[in-house]
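Enquirer: Please read through the structure below; I'll follow up with questions.
Only the coordinates and a few stated rules stand behind these numbers; no lab work does. The model shown is predicted, which means the values in this text are computed figures rather than measured ones. A quick note on method: Cβ atoms are made from the backbone with ideal geometry, for glycine too, and the neighbour counts reach across all protein chains shown.
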Amino acid sequence: MASLIDIDNIISSPAADLALQHEVQQFYYREALLLDNIKYEDWFALLDDDIHYYMPIRRNRMQRYGKVRSNDLPEYTNKHEFAHFDDDKTTMNGRLRKLLSDYSWSENPASRTRHTVSNVIITEGEEDNTLNVCSSFIVYRNRLETQVDLFAGERHDVLRRSDNALGFKIAKRTVLLDQSTILSNNISIFF
Amino acid sequence: MNTEANSNSTWSNDDIKKLVSDENGTLDARIYNDEALYELELERVFARSWILLGHEDHIPNAGDFLNTYMGEDPVLLVRQKDASLRVFLNQCRHRGMKLSRDDSGNAKAFVCTYHGWAHDISGELIDVPFEEQAHCDRLDKHEWSPLQARVATYRGLIFANWDEEAPSLDEYLSDSKPYIDVMFNRSEAGTEVIGGMQKSIIPANWKLAAEQFCSDMYHAGTMSHLSGVEAGLPEGVALNDIEIPNEGNQFRAKWGGHGTGYFVDQPGLLQAIMGPIVTDYVTTSPQAEAASKRMGSSMFGQRMMGQHMTIFPTCSFLPGINTIRTWHPRGPNAIEIWTFIVVDADAPEHIKEEFRKQNIRTFSTGGVFEQDDGENWIEVQKVFRGNKARKTKFNVQMGLGDSTTEHPDFSGRIGGVYSEDAARGFYQHWLRMMTEPSWDTLKP
């Protein structure tokens with residue numbers, strides 16, 4: 001089984017073409033605006049039919065086990081284990097349905113979020129029309145009167161070319177959150 | 001243990017007894033927010049009760065360990081070479097540094113990273129650097145080993161208790177065992193863990209969560225989880241099209257504050273949470289029929305649905321959904337929630353996978369059900385900042401006086417599914433733990 005993420009391959013990859021880099025970043029900025037302006041249906045429409053939205057659980061591991069992200073004793077839970085998210089199109093549609101319900105108390109009133117996406121590194125995709133993209137995010141959430149949550153992490157996406165308005169669909173998103181114990185009362189937002 | 005030892009508390013036993021009334025179904029909100037009461041809880045509840053630490057399957061091999069907590073005390077749970085279990089304080093007796101900082105793993109020894117005091121996997125201090133020069137051989141290593149707790153298991157679940165005089169786990173579980181067995185004794189193979197412990201910290205009192213899992217089917221049947229239900233409905237089916245179940249029962253343990261509730265023959269809520277595959281597996285499949293045979297009751301094997309349960313104080317689980325968690329207290333205003341998933345060890349792989357995916361979808365920190373629990377609990381806690389709000393008298397009167405011990409299908413003290421008798425039992429036991437210093441009066 002391959003590691004969750006081949007980080008060495010990403011680090012050593014050549015810089016992407018400037019126009020492509022610009023195009024992908026502009027996609028992310030617009031995607032962030034959808035999330036930050038609670039345009040739920042438009043954001044969910046960006047998820048392709050084979051979407052895998054995945055967020056494993058992160059654990060504290062002493063380095064004596066070797067590379068903490070190695071396969072023997074990984075820092076992240078594996079695909080057969082518990083995760084924060086492990087969703088396909090059907091379950092993501094259920095999450096959308098929850099968000100659109102009048103009874104979705106965790107997001108009604110809606111959180112105010114700010115998704116900041118940077119450190120975008122594009123590598124070749126496995127299909128002709130896909131790109132693998134690694135990025136970093138900081139997401140600020142302010143909710144109700146005084147609740148503030150801060151999430152930071154890494155995203156590993158497979159973007160697929162699309163004739164939609166933003167030019168891409170998201171075929172796969174693996175979110176590596178920089179928290180072991182989740183420091184919020186829930187994760188009712190998306191990254 | 002003499003609870004009178006904490007004599008500097010501002011709370012007298014007489015005052016604490018006024019906070020909860022089993023007879024009238026009332027409680028005072030200060031039990032959820034008072035700092036001094038919380039300090040007493042750590043000593044009188046958490047240092048005297050059996051606390052869920054994990055599952056045997058978390059630590060199958062010698063040296064396997066889990067770093068966890070009893071109340072706010074960090075402890076190491078370690079599998080020994082003879083397959084027995086040890087639990088000891090994760091604190092060096094020299095200057096108090098943790099002996100291990102891995103969430104879990106396998107160890108041959110636990111060496112303090114401050115000055116290097118080394119301990120074997122049973123928690124015994126075995127080696128001290130420069131022992132000859134520093135201690136001139138006067139150090140009694142056994143005496144200066146970390147504090148050990150009692151450990152006991154029930155159906156694969158591992159509990160620990162600091163109090164030498166507390167009743168055995170067996171006695172402690174009282175008459176609640178048949179209701180635990182619905183989740184943990186379905187087959188000869190027992191249960192196994194789906195790897196990974198989910199942890200989150202939320203600003204709410206531990207009793208809000210523990211009591212909800214003990215006694216509160218009401219929130220599921222009314223308002224809290226409507227959008228969670230909606231998230232699991234097939235396309236084209238609206239919330240108005242479905243009927244929320246209302247037939248079922250609630251059980252209040254005769255001793256210990258444990259409680260559970262469930263629908264009978266109404267799979268609606270279970271369906272909405274786990275979907276058709278798991279629902280069929282736990283209610284109609286050959287494995288479900290085998291569970292009935294094993295338990296000698298189709299009621300316990302197949303017909304109780306959407307069950308919630310708490311073993312006092314902080315062990316909660318949902319049979320059929322198979323989430324299990326410990327609500328570790330973090331002051332009066334916070335809980336650290338540690339959640340894991342179990343499955344029947346002999347279930348087909350696709351069933352195990354379905355349990356895993358549906359738990360992530362529903363009862364995890366991002367789950368479409370749990371999200372809204374987190375919202376309720378922290379909002380309740382915020383309101384307690386008010387001078388009036390923090391001491392409001394709350395109503396816990398549903399089903400008051402309606403329970404019977406002569407139900408044809410269910411053993412013990414039984415009320416209706418929307419009763420709060422189990423909540424009253426939970427708080428009554430809390431009150432007894434808080435005010436009765438001796439097991440002579442408190443024991444089952």
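Enquirer: Which whole number gives the average count of other chain Cβ atoms within 10 Å of the Cβ atoms across peptide B:335-347?
Expert: Other-chain Cβ atoms within 10 Å of each residue's Cβ, averaged: 1.
Enquirer: Here is a further query. Please give the Cα centre distance for the stretch B:295-318 versus the stretch B:404-444, rounded to the nearest Å.
Expert: 16 Å
Enquirer: Where the convex hull is taken over the Cα atoms of chain A, what is its projected area averaged over directions, in nm²?
Expert: So the Cα hull casts an average projection of 11.6 nm².
Enquirer: Also, quick follow-up: Return the sequence-ordered ³J(HN,Hα) values of the stretch A:122-130 in whole Hz as given by the Karplus equation 6.51 cos²θ - 1.76 cosθ + 1.60 applied to θ = phi - 60°, using x for Gly and Pro.
Expert: Along the stretch A:122-130, the couplings run 9, 10, 4, x, 7, 10, 4, 9, 10 Hz.
Enquirer: If you don't mind, another one. Calculate the all-directions average of the projected area of the stretch A:132-174's alpha-carbon convex hull, and give it in nm².
Expert: For the Cα atoms of the stretch A:132-174, the hull's average projected area reads 4.1 nm².
Enquirer: Can you work out the Karplus-derived ³J(HN,Hα) for every residue in the stretch B:60-70? Use 6.51 cos²θ - 1.76 cosθ + 1.60 with θ = phi - 60°, whole Hz, and x for glycine or proline.
Expert: For the stretch B:60-70, the Karplus curve yields x, 10, 3, x, 5, 9, 10, 8, 9, 9, 10 Hz.
Enquirer: Would you mind checking the radius of gyration and Dmax of the protein assembly as shown based on alpha-carbon positions, in Å?
Expert: Gyration radius and largest Cα-Cα distance of the protein assembly as shown: 25.5, 80 Å.
Enquirer: Amide H neighbours of B:THR26 under 5 Å, counting only residues 5+ apart in sequence or on other chains, H built in-plane at 1.01 Å?
Expert: B:SER21, B:VAL396
Enquirer: Taking amide hydrogens as modeled 1.01 Å from N in the peptide plane, which residues meet the under 5 Å criterion relative to B:LEU318, leaving out close sequence neighbours?
Expert: Placed amide hydrogens put B:THR323 under 5 Å from B:LEU318.
Enquirer: Beyond 31 Å between alpha-carbons counts as too far, so tell me which of A:LYS39/B:LYS382; B:LYS98/B:LYS177; B:LYS17/B:LYS254; B:LYS207/B:LYS254; B:LYS293/B:LYS352 fall in that bin. Could you put the intermediate results ahead of the total?
Expert: Numbers: A:LYS39/B:LYS382 29 Å; B:LYS98/B:LYS177 35 Å; B:LYS17/B:LYS254 20 Å; B:LYS207/B:LYS254 20 Å; B:LYS293/B:LYS352 22 Å.
Distance filter (> 31 Å) returns B:LYS98/B:LYS177.
Enquirer: Based solely on its DSSP helices, what 222 nm [θ] is calculated for chain A when runs of n ≥ 4 H residues each add -39,500 (n - 2.57) and the sum is averaged over all residues, nearest 500 deg cm²/dmol?
Expert: Working: 4 runs with 43 residues, N = 191.
The per-residue figure over chain A is -7000 deg cm²/dmol.
Enquirer: Any chance you could check the Cα centroid distance between the stretch A:117-172 and the stretch B:37-80 for me, in angstrom?
Expert: What the calculation gives is 39 Å, centre to centre.
Enquirer: I've got another one for you. Spin-label point model (7 Å from Cα, Cβ direction): what's the B:ASP14 to A:ASN60 distance in nm?
Expert: Here the modelled spin labels are 4.5 nm apart.
Enquirer: Computed FRET efficiency, Cβ-Cβ of A:TYR29 and B:PHE394, R0 45 Å: what is it to the nearest 0.05?
Expert: Given R0 = 45 Å and the Cβ-Cβ separation, E is 0.40.
Enquirer: Hey, in chain B, which Cys have no second cysteine's beta-carbon closer than 4.7 Å?
Expert: By the Cβ distance rule, which asks for a partner under 4.7 Å, the isolated cysteines are B:CYS136, B:CYS214, B:CYS315.
Enquirer: What's the long-distance tail for the stretch B:175-442, i.e. % of Cα pairs beyond 28 Å?
Expert: The proportion of pairs with Cα distances above 28 Å equals 33 percent.
Enquirer: Pop out the ³J(HN,Hα) list for the stretch B:137-144 in order, Karplus 6.51 cos²θ - 1.76 cosθ + 1.60 with θ = phi - 60°, rounded to Hz; leave Gly and Pro as x.
Expert: Whole-Hz 3J(HN,Hα) from phi for the stretch B:137-144: 6, 8, 7, 8, 5, 4, 4, 9.
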